[in-house]
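Here the structure comes first, spelled out in structure tokens, and everything after it is commentary.
The values are calculated or read from the model by the stated rules, or taken from the named source; none is laboratory data. All of these numbers come straight from a predicted model, not from anything done at the bench. Please note: Cβ atoms are built from the backbone with ideal geometry, for glycine as well, and neighbour counts cover all protein chains shown. Ligands, DNA and RNA are excluded from the accessible area calculation, which covers all protein heavy atoms including side chains. Shrake-Rupley method; radii C 1.70, N 1.55, O 1.52, S 1.80 Å.
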Amino acid sequence: MALFIQKFGGTSVGSIERIHRIAERIEHTCRDGHQVVAVLSAMSGETDRLLRLAHAVTPHPDDRELAVLLSSGERVAIALLAMTLRSRGVNARSFTGRQVGIVTNSSHTRARIAKIMADPVRKALAEGVLPIVAGFQGVNEQSEVTTLGRGGSDLTAVALAAALKASRCIIFTDVDGVYTADPNVVASARRIPKLSYEAMLELASLGAKVLQARSVEFAAKYGVPVEVQSSFQKGEGTLVTHEDADMERAAVSGVTGDRNQAKITVVGVPDQPGIAANVLGAMAEACIVVDMIIQNVSHQDALTDISFTVPRSDLARAMALVTRTAEVIGAKTVEVKEEIAKVSLVGVGMQSHSGVASRMFRTLAGEAINIMMISTSEIKISCVLDERDCNKAIQALHAEFGLDHAPGQKGMTGRGEGTTS
Ligand code: ADP
Ligand code: ASP
Ligand code: MG
């Protein structure tokens, strides 16, 4: 008998008919002699609807109250599934984050998990009860409701799998695995059967929202095997686990697009020491994650521009701070561009290949796509471009690097042979 955590995302619980379908799937696993703990997201669109309501009340909703509001979506889903299973004769019981004992820090809508008690879930399992746990939510030390950031139900599932020492954490979603690019953008994208935590973390943090990046970090830390599967059809998915010899070491394993960033440019700042520290220090103090940074060479008048990207959800806060700093340092103006996207080529095998970056830039140039910012690491190259060009760029890069073909057949994929540099 194995214990499985089965997490169902928003689309998988998006209607009563779909809730019946996942009830069947859970029952099926139990009939095979296994134990299941289900973790649910809110019904599809619900978290966005609640966010819109909050913003209809005020442009800057209070963080504590926002967490209270958003966490309600998952409560609805767990109660509906527990009722459905009970009506089918299964002894299921719903559990909120508080009841499970998911304790977080006090960053209300971006909380980090500090510990998981999980005793009530263990007790339920021992009594033959099937626990249905609300994803995305916890409580801080003062017992106030917190939420774990967008896509946070994945983290709840992985963290519970670690706490309960489950055999596997299965993430059921609306695609049947992790692909070389979002299959809703690139029709010829290929499912990757097995992926290392490292490669998955890079894909997830660069925009492949099929798994929340923090859940992958957590899975890697505690060695939780995570499987992504379709909740609509049976079949193989993608296993995310420790790197092994079976894994593809393709130069490029995937292409991602991230539309959640915005670009801020401080125009006409004096080109002298300490300016970047001033502008970016304010962001760090406010815990706003700055991703890409470009400081241009100074113009003749010894003035320069500094551009950087921040999460779009932090833009209002970032702008308030930057505008204040700009005044202090005597900058001319502050400009914002929200409609940007970051397109990245990702691959742990990239470190042993040369020419990937130039081929990426040439491909984008061939599509007449302008690059605004570039950043590279050993295993990824990212370009910021106009949001309108995002899908076109992903499709062109996917084709250029031969990702819709099995590794070794074409392009720069293959078992990490490496070209000379
Ligand atoms: P859920 O509601 O089940 O949590 P999400 O919407 O968070 O589902 O994640 C699934 C979506 O992730 C897919 O519908 C797909 O559009 C998107 N996606 C982005 N990149 C990838 C990728 N590389 N592989 C698979 N899906 C991806
Ligand atoms: N409902 C939350 C969201 O939409 C959490 C999740 O779905 O994982 O972000
Ligand atoms: Mg998700």
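Results, tabulated for the structure shown:
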read-out	value
DSSP-assigned coil residues among trypsin sites (Lys or Arg not before Pro) in region 1-103, each with at most 15 further Cβ atoms within 10 Å	ARG88
Computed [θ] at 222 nm, helices only, for the chain once each DSSP H run of length n ≥ 4 contributes -39500 (n - 2.57)	-10500 deg cm²/dmol
Top of ILE26, ILE16, ILE192 by mean-square fluctuation, Gaussian network on the chain, Cα under 10 Å	ILE16
Loop GluC sites (Glu not before Pro), region 21-122 (other Cβ atoms within 10 Å of the site Cβ: 13 or fewer; DSSP)	none
Acute angle (nearest 10 degrees) that the helix 46-57 long axis makes with the longest principal axis of the chain, alpha-carbon atoms	60
Residue-by-residue Karplus 3J(HN,Hα) for region 16-32, coefficients 6.51, -1.76, 1.60, Hz, glycine and proline x	5, 4, 5, 5, 4, 5, 6, 4, 4, 5, 5, 4, 4, 4, 5, 4, 6
DSSP beta bridge pairing in region 165-315, given as percent antiparallel to the nearest 5	65
Solvent-accessible area, 1.4 Å probe, carbon plus sulfur percent, for the chain	51
Rounded to 5, percent antiparallel among DSSP beta bridges of the chain	60
Cα→Cβ-extended label distance, 7 Å offset, between SER72 and ARG362, nm	5.6
Rounded Å value of the spacing that divides the Cα centres of region 174-189 and region 1-61	21
For region 204-363: lysine pairs under 30 Å (alpha-carbon distance), excluding those fewer than 8 apart on one chain	11
Distance in nm between pseudo-label sites at GLU387 and GLN272 (7 Å out along the Cβ direction from Cα)	3.8
Residue with peak Gaussian network fluctuation, the chain [Cα springs, cutoff 10 Å], from GLY257, GLY274, GLY347	GLY274
Residue with peak Gaussian network fluctuation, the chain [Cα springs, cutoff 10 Å], from SER354, SER231, SER71	SER354
Dipole in debye (nearest 20) - region 142-238, about Cα centre, beta carbon charges: Lys, Arg +1; Asp, Glu -1	180
Cα centroid separation - region 323-382 against region 128-148, whole Å	38
1.4 Å probe accessible area per residue over the chain, in Å²	44
Relative contact order %, region 251-310, counting alpha carbon pairs below 8 Å whose residues are six or more apart	45
Spin-label pair ASP63/ALA245, simplified geometry with 7 Å Cα→Cβ offset, distance in nm	4.9
DSSP beta bridge pairing in region 247-322, given as percent antiparallel to the nearest 5	100
Amide H contacts under 5 Å for ALA92, placed H, 5+ residues apart	ARG86, LEU130
